[in-house]
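Below is one structure, written out as structure tokens, with a few remarks after it.
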Amino acid sequence: MESFDVVISGAGPTGTHLAYLLSKNGLSVLILEKKKVIGKSACSGLISTRLRTLVPLKKSVIEHVVFGATFHSKKASFSVEKSKPVAYVINRAAFDRELAAIAQKAGAQIHTGEPFEEYSLEGNCIIVNKKYSAKVLVGADGAGSTVRRLSGLEGKISFVNGIISIIEEPSGARTVDVFYGKSIAPGFFAWKIPRGKSTEYGLAAKRNHLQYFRKFLGMHGHKMAMFRSHPIVSGEQQTAGERVILLGDAALQVKPFSGGGVIYGLMCAKIAAKAISSAFKKNDFSKKFFQKNYDIVWKKKLQKPLMNGKMLRELLNALDDRELDTFFRFLDERKDALSSFGDMDFLQ
């Protein structure tokens with residue numbers, strides 16, 4: 001039986017970044033990734049420029065930069081644009097592979113094509129898949145986390161179904177387009193993101209997402225072609241147990257307003273690395289320790305933006321299409337003020 005200090009389920013950005021941080025601290029780390037190839041992500045590539053402050057970002061990964069967004073209801077719209085870039089449109093596959101390579105260079109092992117399936121607590125360690133021994137297990141395995149389900153760290157969780165399609169439609173637009181309304185994407189929104197040599201069309205909805213996406217593409221002169229689907233998760237839950245923590249989408253570290261999880265996940269990976277490293281120094285892997293040093297810490301850091309994002313999401317969901325039109329016209333009259341502040345990661 002192979003022995004590691006930490007086993008991580010999931011080789012997405014949050015899992016591999018945590019592996020890098022822990023390996024740099026001298027811990028032995030194994031990542032189990034169910035996919036045979038890292039980077040086959042169904043997530044959008046729009047991420048705020050804050051990304052550069054969290055992880056290395058090669059220029060070759062960036063496909064386009066955007067300066068703001070135009071928000072559309074059925075019959076109204078308003079734009080928020082800044083003089084400096086607010087977000088990168090990245091190649092997610094290349095980005096994910098780059099973070100994995102950085103983790104491996106630091107000493108982490110990655111087993112692709114090997115899913116996390118089960119674990120058991122035995123004495124002072126965790127047995128994973130009946131073949132690996134570890135002191136700590138981390139579930140960074142996405143919205144449908146197996147670690148979350150098996151650890152009992154479930155909570156009040158809700159899902160919407162997201163879907164994206166990359167169309168060969170060159171676009172160098174400075175802003176993304178976001179579309180709201182119960183007739184467009186009930187419970188969430190649709191989007192159009194310029195990617196330089198192509199355009200990303202996407203939509204998330206509480207129900208019938210394929211039907212609404214087909215209609216949305218038709219509005220823009222396209223037919224349903226190749227697409228990728230991905231659940232977007234939100235809610236509240238505990239993220240720490242005895243020798244187990246959850247990270248990223250598995251921990252609901254997701255912006256309620258947009259569904260994006262990379263920035264919050266990377267920020268929380270740093271908190272998780274500090275907590276896990278401290279656990280090894282103090283030889284304390286209890287639920288109480290991880291709740292105090294991880295669960296409470298990250299929730300305090302993100303409490304305000306999570307709360308504000310949730311309130312804004314609930315407000316938009318409560319409005320019918322006519323009310324949205326009125327609200328967006330109201331905001332359009334104040335778009336100059338809106339452009340002077342705001343942060344796509346932290347709604348204050």
Along Cα→Cβ, 7 Å out, is where each label goes; now give me the distance between the ones at Glu242 and Ile296 in nm to one decimal.
-> 2.0 nm
Using only Cα atoms, find the angle between the long axis of helix 296-318 and the longest principal axis of the chain, and express it within 0 to 90 degrees, rounded to the nearest 10.
-> 30 degrees
Using θ = phi - 60° and the Karplus form 6.51 cos²θ - 1.76 cosθ + 1.60, what ³J(HN,Hα) does each residue of the range 87-100 get, whole Hz, x for Gly and Pro?
-> 7, 9, 9, 10, 7, 4, 4, 5, 5, 4, 5, 5, 5, 5
Can you give the calculated 222 nm mean residue ellipticity of the chain, where each DSSP H run of n ≥ 4 adds -39,500 (n - 2.57) and the sum is split over every residue, rounded to the nearest 500 deg cm²/dmol?
-> -10000 deg cm²/dmol
May I ask you to order 20-31, 68-79 by the average number of other C-beta atoms within 10 Å around their residues, highest value first?
-> 20-31, 68-79
Just add up the charged neighbours of Asn25: K/R +1, D/E -1, any other residue whose Cβ is under 13 Å from the Cβ of Asn25.
-> +3
With label points set 7 Å from each Cα along the Cα-to-Cβ direction at Lys156 and Thr53, the distance between them in nm comes to 3.1 nm
Output ordering of 45-56, 198-209, 243-254 (per-residue mean of other Cβ within 10 Å, highest first) is 243-254, 198-209, 45-56
Length gained if Glu168 through Ser60 is fully extended, taking 0.36 nm per residue and subtracting the Cα-Cα distance, is 36.9 nm
Which residues' amide hydrogens lie under 5 Å from the amide hydrogen of Ala87, considering only partners 5 or more residues apart or on another chain, with H built in the peptide plane?
-> Thr49, Val66
For P(r) over Cα pairs in 20 Å bins from 0, in percent, with candidates [x] 20, 41, 32, 7, 0; [y] 26, 43, 27, 4; [z] 30, 56, 14, 0, the value calculated from the shown model is option [z]
Classify the range 1-63 as rounded, prolate or oblate from the Cα gyration tensor: take a ≥ b ≥ c as the square roots of its eigenvalues, call it rounded if a/c is under 1.5, otherwise prolate when a/b beats b/c and oblate if not.
-> oblate
Would you mind ranking Leu306, Leu18, Leu315, Leu57 so that the residue whose beta carbon has the fewest other beta carbons within 10 Å leads the list?
-> Leu315, Leu57, Leu306, Leu18
Mean-position separation - Cα centroids, the range 74-119 and the range 250-286, in angstrom = 16 Å
Classify the range 105-244: rounded, prolate or oblate, from the alpha-carbon gyration tensor (a ≥ b ≥ c, eigenvalue square roots; a/c under 1.5 rounded; otherwise prolate if a/b is larger than b/c)?
-> prolate
What net charge do the residues around Pro194 carry, taking every other residue with its C-beta under 15 Å from that of Pro194, with Lys and Arg at +1 and Asp and Glu at -1?
-> -2
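Given N residues in the range 208-255, what is Rg(Cα) / (2.2 N^0.38 Å)?
My calculation over the Cα atoms of the range 208-255 gives 1.78.
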Between the Cα axis of helix 262-282 and the main Cα principal axis of the chain, the angle (0 to 90°, nearest 10) is 20 degrees
Determine the sum of side-chain charges near Pro305: Lys and Arg each +1, Asp and Glu each -1, restricted to other residues whose C-beta is under 11 angstrom from that of Pro305.
-> +2
Search the structure for amide H atoms under 5 Å from the amide H of Trp191, placed 1.01 Å from N in the peptide plane, and list their residues when 5 or more places away or on another chain.
-> Phe179, Gly202, Leu203
Taking only the alpha carbons of the range 166-273, the radius of gyration and the largest Cα-Cα distance, Dmax, both in angstrom, are 16.6, 53
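Read-outs throughout are calculated quantities, based only on the coordinates presented, and are distinct from any laboratory measurement. Keep in mind that what you see is a predicted model, and the values were worked out from it rather than measured. Every residue, glycine as well, gets a Cβ built from its backbone with ideal geometry; the counts of neighbours run over all protein chains shown.
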